[in-house]
Amino acid sequence: MIGKQRMLSSRQITLLILGLGIGGSVLTLPSLAADVFGPSGWLLVFVLGLFYTGGGWFAARLAAKFPEETIIEYSPRLLGKWLGFLFNVVFILYLFLVIPVNVRILQEVVNISLLPRAPAWFVSGSYLLVLIYGATRPVDQLAQVNELLIEIALVIGLSVSLGSLQHFKPLHLMPLFSWDQIKLDKIETLVGVTFSFGSIPVVSMVVPYIRRPQEVTKATVKATLIITGVYTFLTLSVLGVFGYKETIDLSWVGLELAKSVNVQAVILQRLDLVLIVTWISALFTTGLIASFLVASGLAQLLRVRKGSALLWGLVPVIYYLSTLLKNYFVWSQTSFYIALLSLVITFFFYPLLYLLSLWKGKRHV
Amino acid sequence: MTAESKKACLLGALLLVILTASGCWGGQELNARAFVTAVAFDPITEEGVDPGEFLLGVQIPIPAKMGGGGGDSGEQGGGGGPPFVVFETTTKMVSVGIRQLQRQLDRELFFGHTQLFLINAELAATIGVDQLMDHFKRDFRVQRMARIAIIDGEARAILNTQPPISQTPSAYIENLLSPQSGVGINYISDFGRFLVEQSDDGIEPVLPRLKPGKEATVTGGAAVLKNGKFVGWLSNFETRGLNIILNQRIRSNYEVECPLHPGESIVVGVDNFHSRHQLREVNGQTVFQIKVRGQFETIEFSDLHGPLEALQGDLERGVSAVVQRELEQTVRRAQELGVDFLGVGRYLKSYKPEWWRQVKDNWAEEFFALPIEVEVEMEWAMTIRRFGG
Amino acid sequence: MKKRTFRRPRPVAELRKDKAEKQRPGEQGGPEEGPVLASDLAVNIAYLKERIGASNDVVFREFVIPLPQPVRAVLVFVDGLVSGQTINEYILLTLTAFEGTDADWALDRRNLAEKVKEHILSIGEVSVQNQWAPVITAILSGESALFLEGEDRVLICNTRGWEHRGIDEPPTEAAVRGPRVGFSEVLRTNTAQVRRWIRDPDLRVKGIKIGKRTQTDVALVYLESVANPEVVAEVEKRLNRIDIDGVLESAYLQEYIEDRPYSIFPTLQVTERVDRVVAAVLEGKVAVLADNTPFALLMPITFWQLYYSAEDYYHRWPLTILIRLIRFLAFFFSLYLPSIFIALAVHNPELIPFNLAIKIAGTREGTPFPVFLETLFMELAIEILREASIRLPGPFGQTIGIVGGFILGDTAVRAGLISPIMTIIVALTAISSFTAPSFGVAISMRILRFPLMIIGQVGGLYGLSIATILLLINMTGIRSFGVPFLSPLVPLSFSDLKDFLFVVPRWAMIKRPLVSEPIDIRREGSKARNWWEALFYPPSRRRRGGKQEE
């Protein structure tokens, strides 16, 4: 075990969940939501957020039942040895797959905006190095980094969406519910939307570090509600500014939103690049926390003392995977599978494990 | 822990090595770039050319002439000639044209600061604004806040005129296009807004119209687009009507006949227009109703001013009638052209989605047949400064 | 109390000591096992002469004390370190002119040293020693040793008194408002100054001698009932581990007891202002003062405290807020301005407003160097100028500043070698870096600026933001004696935000900064004022109300 010292406050847990959740997928979330739900895409985001808050509640209750252990340790006891192992593999695989997609999103965003001619290996390579370096730090340091970065990103992101409201047209959000614009058959996109929400697994891994484990439920619910609020607000403002058709046409809607903010007499001409620069930190926290969780999860699964060495070993694999995603379509495809994993974990395994823990707990008493 | 610090140092050094070894990616000195401030599209007038070809012109300011060396730059500033150059080429595709232009230039064309896209009306009718702007739509560096206008005349002429006060035509035009007079369309002059309106169902975008003159360029009026192609102009007054219908916050002046003294006129300044749209059943037929309310203020009397109290009712009715005539003219023009730039379709889509689904496929005809009613109610704000003449 | 965990690298001293112990076990003897004095005066003097050698500043004054049986005595002291007046009046005069031929106590020669001390010597601080090591140290640090015939113990009299500087206003930390005293080079004077400010019996001044050869006095100053005992113990432990031949300045200690020996940031605060040390001690920090230097070390600290100045607390709070905001803006400028300029000019000119961009391009037209090299040259030139103006004596220093900054810059611009915008940027950066109240952190920023410039050139804004994240990861890992370096920002502590960028009025700072985890948290006994009273019932109104009632 990596030194189990309880030094995280419940506020830091909330921010860790935010940090893993809010990242690159936010930039594309509104257009996916609009694709499925038309002008009422924000409602979809809102409702999904509420669902995930429910999932988060289960996860947090489960975690609070085992305040000394991570899910990797207690899942074999609840599910049986082999099923538990399988679950752990799925769990770690999910977190692991987030990393290459994250690296890839960063590289795409940087390459279309900040450094159009920089080679991909340079951008993703330097990012990956710093990412893994950060992820091998102790957990309290990680929480501090995350705390700082995610707050900056959120403040800038929200002020950009607030600024864009000058172009907001309520008419763009109408009609509120028109069945012909809701395309539930686009199941892949629908699942893709949930990619942005899969941040709950943090809870099951960091409970041993929390100062007061009984507060974890509150922190988790708070975090998922904040995520829901942020996403809904963002989707709402994107749809209101662009209208849903233009929203679907744009690939990085979040950035385009920043581009359309018209602030006169500022030192910097364009806000979109400012947004990107700060959004790099939001992307970074996602990768950082995912890498950390993979490292500590793998270390526990394989009974290795140093997870950081494992992580450094995985660097080439992550880099290779991130280059495998050939283009936008391929990686949105990948995010579909990742989101599927997160759906299964959140809405199948967590309730199941929770019920099992209730049952087994009673039997022991 | 010392080992950890060492690792941090090592990583930092490694990063530094990577960074330095890799050179600077795509980095380019400011002076190695040619900032394009304006782009103009014109048709080719010669006979026998491919109708798909057009003239692409870019305007590039000369930094040394514009920037100047500060206080003691007497030898630079007055170097003669305009502070910009214009390059042209003929092409069928914009990006190909840019590459052709690049061959004449020692500096890389840079569109991150492009403030103006000027499209000749004729070209906009044949090739279409959509196709011309497609390249710029996909370039991340082009700003969504760049301005776009349809030119009644030669677009190049605007690039080449030295404006009366500002340093470059682009700065001049940009200021000209910002909302001032009320007779120019202003809600859509920027590129991002154009794209949004363009993609939206049930509304066709209009673009501001510019007319190049010998000395100065004049703004006013608007160009109507249908499916991205130019179909006709709106006059100054029709444009003003459109601004009112679409709830743009404009201020404008109207000249009305004095109800008490026939033959005399009163100029009123109107403010605070507010328009509401709704569907109404009249005799079993659905009517699209545009309700406009506004406040005006008398700002000039031609000769006799009459007692103000007696004037009120008649003047309010008079102004309402004038505004209503203008709005009806705008609506008629829209129906004549068969282009729904009023946003009637968008209204239906939002509030009567069932109906919209039935009519959207042949909306042009449906729009022509749809009765549209305009109702105007103007109030005299009466913040009087002077009672007497 | 919460469990405090010290996550810190093992100081170099510890490693060295381990090694030393492994190599030569047993040789590190404490003073207890050292050689002791003989009872023969001649032998003692011979030993001492051999130990000290042919140093002619050591004076051996032989004389006879007129006791019933006259006693031969030798007074040993170092000329220049002692006060001649004290020696003459209170030792030599009292001893030689002692009219004690009939003193009964002197008949018995046993314990003569004690008796001389009790009956004759009219000097304040006298101790009796019988081991050589402390005796020699005492002599070398300005005390006088009185050797008596037939006595194996020696009397050590405090006769210290040497030439030293008076108490001046510290030149490196001048303030508009506040006391104009700083520390001087004499440890005793310094601790006395602290004592004069804090008349609390809980104030502890613990002395340690460090330096095998210099035997420098070092003092730990803290408030027993406020400072966290674990921090005090840790500081003491680290100081005791130091094994070095000499301590010339507190910087020697600093490098040994710092948490992160490899970090570019200082994790201790260095100051020569008395009020600053006193304020820190009152907040529950530990101060380390060393002899021969006016610079004291304060610990634990946070990064932000390096950017606070003592004066911040003497102005009214609205002004302090403004000053701090400006200082942090200047901090940002001094670190990032050149690199951001490079990144924007080279990679993302679309971020610069058009009119400015074309202006910059216009002024750069025809200059021979790329932006990066130009910035680098100018920054280097400024650094050279800065160094030169410090080295030159006062008036010359100012001249070189003007000559270098103004003439060189202006001529270079006129000659078209560099662009005017560059001089603005470089000058702004340099001026910004002077606002840092702490010299140590200003140096860190100056060093970091150069790699950031390279990164800005290569990676643009992306590179800068990645570098910033790397920097943040590094900084969050730093702890100063258990205190996270970036607190109270991360981990967020609402209570401590009262004294951060925005400060609250003094009467609202009820608690001490919690980051250093003081034992006694409250700074004010009761609420002298609370904010709603101050807002709604200001004293003026209350008084008027009272008068009306009369």
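The values are calculated or read from the model by the stated rules, or taken from the named source; none is laboratory data. Just so it is clear, the model here is predicted, and its values are computed rather than measured. Cβ: placed from backbone, ideal geometry, glycine included. Neighbour counts: every protein chain shown.
Which ones in segment C:205-235 are in contact (Cβ under 8 Å) with a residue 24 or more places away in the chain, assigned to a strand (DSSP E or B) and closer than 18 Å to C:V278 by Cα?
Selection gives C:K206, C:V218, C:A219, C:L220, C:V221, C:Y222, C:L223.
Got a sec? Which of A:A309, A:A295, A:A299 is surrounded by 23 or more Cβ atoms within 10 Å (Cβ to Cβ), small (G, A, S) and not in a loop (DSSP other than H, G, I, E, B)?
Within the list A:A309, A:A295, A:A299, the selection yields A:A295.
Across segment C:340-356, what is the total count of residues that are in contact with an Asp or Glu (Cβ under 8 Å, 6 or more places away or on another chain) and buried (at least 24 other Cβ atoms within 10 Å of the Cβ)?
Residues that pass the stated criteria total 1.
Among B:G48, B:G57, which is the only one that is more than 10 Å from chain C (Cβ to nearest Cβ) and either among the aromatic types (F, W, Y) or part of a loop (DSSP other than H, G, I, E, B) (or both)?
That would be B:G48, the only listed residue that is more than 10 Å from chain C (Cβ to nearest Cβ) and either among the aromatic types (F, W, Y) or part of a loop (DSSP other than H, G, I, E, B) (or both).
Kindly indicate whether any position in segment C:368-388 is farther than 17 Å from C:A343 by Cα and over 31 Å from the mean Cα position of the chain (by Cα).
yes
Hey, can you tell me all the residues within segment C:357-378 that are small (G, A, S) and at the interface with chain B (Cβ under 7 Å from one of its Cβ atoms)?
C:A357, C:A361, C:G362
Being within 18 Å of the chain's Cα centre (by Cα) and more than 14 Å from chain B (Cβ to nearest Cβ) narrows it down to one of C:D217, C:D202, so name that one.
C:D217
Return the residues of segment B:24-45 that are over 24 Å from the mean Cα position of the chain (by Cα) and in a loop (DSSP other than H, G, I, E, B); say none if nothing qualifies.
Correct list: B:C24, B:W25, B:G26, B:G27, B:Q28, B:E29, B:I44, B:T45.
List, please: which pairs have Cβ atoms under 8 Å, are six or more places apart or on different chains, and start with a residue in segment C:100-128 that is polar (S, T, N, Q) and end with one that is in a loop (DSSP other than H, G, I, E, B) and surrounded by 17 or more Cβ atoms within 10 Å (Cβ to Cβ)?
So the pair list comes out as C:T101/C:P66; C:T101/C:L67.
For segment C:366-420, give me each residue that is among the polar types (S, T, N, Q) and either in a helix (DSSP H, G or I) or modelled with pLDDT of 85 or more (or both).
Once the filter is applied, which keeps residues that are among the polar types (S, T, N, Q) and either in a helix (DSSP H, G or I) or modelled with pLDDT of 85 or more (or both), segment C:366-420 yields C:T375, C:S389, C:Q398, C:T399, C:T411, C:S419.
Scan A:L131, A:L162 and give me the residue that is among the aliphatic types (A, V, I, L, M) and within 14 Å of chain B (Cβ to nearest Cβ).
A:L131
Of C:R364, C:R327, which residue is of a type in the set (K, R) and closer than 30 Å to C:S184 by Cα?
C:R327
Could you say which residue among B:V339, B:V323 is assigned to a helix (DSSP H, G or I), touching a strand residue (DSSP E or B) at 6+ places or on another chain (Cβ under 7 Å), away from every other protein chain (no Cβ under 14 Å) and closer than 23 Å to B:V224 by Cα?
B:V323
Determine, yes or no, whether B:H277 is more than 30 Å from the chain's Cα centre (by Cα) and either surrounded by 14 or more Cβ atoms within 10 Å (Cβ to Cβ) or modelled with pLDDT under 85 (or both).
So B:H277 does not fit the description; no.
Of everything in segment A:53-90, what is surrounded by fewer than 19 Cβ atoms within 10 Å (Cβ to Cβ), among the small types (G, A, S) and over 25 Å from A:G21 (Cβ atoms)? Give them in sequence order.
Matches in segment A:53-90: A:G80 only.
Restricting segment A:113-128 to residues that are surrounded by fewer than 19 Cβ atoms within 10 Å (Cβ to Cβ) and hydrophobic (A, V, I, L, M, F, W, C), which is nearest to the other protein chains (Cβ to nearest Cβ)?
A:W121
Would you check if A:F91 is within 30 Å of C:H347 (Cα to Cα) and aromatic (F, W, Y)?
When the stated conditions are applied, A:F91 does not pass them.
Could you please find all residues in segment C:440-457 being modelled with pLDDT under 85 and either touching a strand residue (DSSP E or B) at 6+ places or on another chain (Cβ under 7 Å) or crowded, with 24+ Cβ neighbours inside 10 Å (or both)?
Answer for segment C:440-457, where residues must be modelled with pLDDT under 85 and either touching a strand residue (DSSP E or B) at 6+ places or on another chain (Cβ under 7 Å) or crowded, with 24+ Cβ neighbours inside 10 Å (or both): just C:G440.
I need the full set of residues from segment C:317-350 which are in a helix (DSSP H, G or I), touching a residue at least 40 places away in the same chain (Cβ under 8 Å) and under 14 Å from B:R33 (Cα atoms), in order please.
Of everything in segment C:317-350, those that are in a helix (DSSP H, G or I), touching a residue at least 40 places away in the same chain (Cβ under 8 Å) and under 14 Å from B:R33 (Cα atoms) turn out to be C:L344, C:V346.
If you check A:L321, A:L234, A:L250, A:L301, which single one turns out to be in contact with a helix residue (DSSP H, G or I) (Cβ under 8 Å, 6 or more places away or on another chain) and within 14 Å of chain B (Cβ to nearest Cβ)?
A:L250
Can you pull out the residues in segment A:167-193 that are assigned to a helix (DSSP H, G or I) and either within 14 Å of another protein chain (Cβ to nearest Cβ) or buried (at least 24 other Cβ atoms within 10 Å of the Cβ) (or both)?
A:H167, A:P170, A:L171, A:H172, A:L173, A:W179, A:D180, A:Q181, A:G192, A:V193
Restricting attention to segment C:156-173, and to residues there that are at pLDDT 80 or above and over 28 Å from C:D79 (Cβ atoms), which single residue is surrounded by the fewest Cβ atoms within 10 Å (Cβ to Cβ)?
Ranking the candidates gives C:E169 first.
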